[in-house]
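Participant: If you scroll down you'll find the structure; I have some questions about it.
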Amino acid sequence: MTAFTPDPEAGRDARRTGSFQRALVTGGAGFVGSHLCEQLLDAGTSVVALDNFVTSEPDDIAGLVDRPGFALVRHDVTESFSGLGRFDVVFHLASAASPPDYLRLPIETLRAGSLGTDHALELAQRCGARFVLASTSEVYGDPGVHPQPEGYWGHVNPVGPRSVYDEAKRYAEALTMAYRRERGVDSGIARIFNTYGPRMRADDGRMVPTFIAQALAGAPLTVAGTGEQTRSLCYVEDTVRGLLALARSGHPGPVNIGNPRELSVRSLAEEIRAAAGSRSALEYIDGAIDDPQRRCPDISLARHALGWRPMVERSEGLRRTIDWFAERTTPVDGSPRPVTKRQTGLAVNSTGSA
């Protein structure tokens, strides 16, 4: 174990200078986590990425492993972790995030939000680090207020199938605030709205990668329900900028990180179909239980407190994402089909159960 003396001013000093020396990113091999690691490295921060690869693979972050200052550690955050050294910022992103994943891993998802958050907060407390929780717009449930401000307490079914994700994040927020109030942890909570971009899995189950994979394969685009339910999409580069802005601020949150431009799911399917040059039909399927009918953030707080707003236009973000998926398709019987999860021999360190 690497011993160190806690320094309660370490995270605050890093925030005041606008830069971090060393960061821990739980869920660092995931979609948003890998982009966060990349931006931190670009800013000169040394990064330790912690991941158990239940919903990601080492290959997903292979482009970072040879960069100076980067370390990839295989570990399950529900098991306590130590011996990693000291950090001046801890980002807690570890969790199944797509519906197929958290419905497949309900207990694991709840434990990542409870035990995982507790372990990450304990580490931040020991280091005197700034702690950033990646929460979700799902804490608002199927909202009765639109657009959703941070002061809205939500409309969530605590016993429905989606509750394993929704309540895990709501508990994680409560725990983060308890550590802030009772133990003085310098924490911030980000409520992330729908995020998309390169490195999403084609079999992720969320609408953007699903529609893109179907459009590139010439398959019908499966629209859940009537397609009139709305979402707002934020490109991953913008979402990560928001997380970093919160980390560098002293704001406790919660603060919404998302794009306030709302559109229907059907409109998105049509937009992706056109951008991919596809002639695929739209196919309507049963909607998910407790699926929110409207989702759009009020980002007034992020604008004023963090100086943040999304910058990448949806047309540009979709083009980049479609291009990334298109580069990873393999012709089979004359039809392009998305390459999904890949096997790799990339070695990772291990400090606990996977």
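The values are calculated or read from the model by the stated rules, or taken from the named source; none is laboratory data. Only a predicted model underlies this, so the values are computations on that prediction, with no experimental measurement involved. Ideal geometry is used to build each Cβ from the backbone, glycine not excepted, and the neighbour counts take in all protein chains shown.
Participant: Could you please find all residues in segment 310-331 being farther than 17 Å from ALA213 by Cα and surrounded by 14 or more Cβ atoms within 10 Å (Cβ to Cβ)?
Facilitator: Across segment 310-331, the qualifying residues are PRO310, VAL312, ARG314.
Okay, residues lined up against (1) within 19 Å of the chain's Cα centre (by Cα); (2) under 30 Å from VAL164 (Cα atoms):
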residue	(1), (2)
ILE285	no, yes
ALA288	no, yes
ARG295	yes, yes
LEU301	no, yes
HIS304	no, no
VAL312	yes, no
SER315	no, no
ARG320	yes, no
TRP324	yes, no
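Participant: State whether the residues of segment 121-133 include one that is in contact with a strand residue (DSSP E or B) (Cβ under 7 Å, 6 or more places away or on another chain), assigned to a helix (DSSP H, G or I) and among the aromatic types (Phe, Trp, Tyr).
Facilitator: To start, the set of residues in segment 121-133 that are in contact with a strand residue (DSSP E or B) (Cβ under 7 Å, 6 or more places away or on another chain) comprises 121, 123-124, 129-133.
Filter again for assigned to a helix (DSSP H, G or I), leaving 121, 123-124.
Those still in the list that are among the aromatic types (Phe, Trp, Tyr) too: none.
No; the residues of segment 121-133 include none that is in contact with a strand residue (DSSP E or B) (Cβ under 7 Å, 6 or more places away or on another chain), assigned to a helix (DSSP H, G or I) and among the aromatic types (Phe, Trp, Tyr).
Participant: For segment 187-210, what are the residues that are within 18 Å of GLU313 (Cα to Cα) and under 14 Å from the mean Cα position of the chain (by Cα)?
Facilitator: Within segment 187-210, ILE192, PHE193, ASN194, THR195, TYR196, GLY197, PRO198 qualify.
Participant: Specify which of the listed residues (LEU64, LEU72) is hydrophobic (A, V, I, L, M, F, W, C) and either buried (at least 24 other Cβ atoms within 10 Å of the Cβ) or in contact with a Phe, Trp or Tyr (Cβ under 6 Å, 6 or more places away or on another chain) (or both).
Facilitator: On the way: LEU72 fails: either buried (at least 24 other Cβ atoms within 10 Å of the Cβ) or in contact with a Phe, Trp or Tyr (Cβ under 6 Å, 6 or more places away or on another chain) (or both).
The match here is LEU64.
Participant: Right, something else. Given the residues ARG201, ARG181, ARG231, which is the only one that is over 19 Å from SER280 (Cβ atoms), modelled with pLDDT of 95 or more and of a type outside the set (Ser, Thr, Tyr)? So that I can check it myself, show each step before the final result.
Facilitator: On the way: ARG201 fails: modelled with pLDDT of 95 or more; ARG231 fails: modelled with pLDDT of 95 or more.
Only one candidate qualifies: ARG181.
Participant: Also, quick follow-up: Considering every residue within segment 101-110, establish whether at least one is over 26 Å from ARG241 (Cα atoms), free of Cβ contacts under 8 Å to residues at least 24 places away in the same chain and of a type outside the set (S, T, N, Q).
Facilitator: yes
Participant: List pairs: first residue in segment 264-293 and within 16 Å of ASP323 (Cα to Cα), second residue part of a loop (DSSP other than H, G, I, E, B) anywhere in the structure, Cβ distance under 6 angstrom, at least six positions apart or on different chains.
Facilitator: Cβ pairs passing all conditions: ARG273/SER280.
Participant: Could you please give the count of residues in segment 28-80 that are under 20 Å from THR195 (Cβ atoms), modelled with pLDDT of 95 or more and among the acidic types (Asp, Glu)?
Facilitator: 3
Participant: Another question about this same structure. If I ask for residues that are surrounded by fewer than 21 Cβ atoms within 10 Å (Cβ to Cβ) and either within 10 Å of the chain's Cα centre (by Cα) or part of a helix (DSSP H, G or I) (or both), which ones from segment 39-49 would you list? Please lay out each step first, then the result.
Facilitator: Kept after step one, since they are surrounded by fewer than 21 Cβ atoms within 10 Å (Cβ to Cβ), are these residues of segment 39-49: 39, 41-44, 46.
Passing the criteria: GLN39, LEU41, ASP42.
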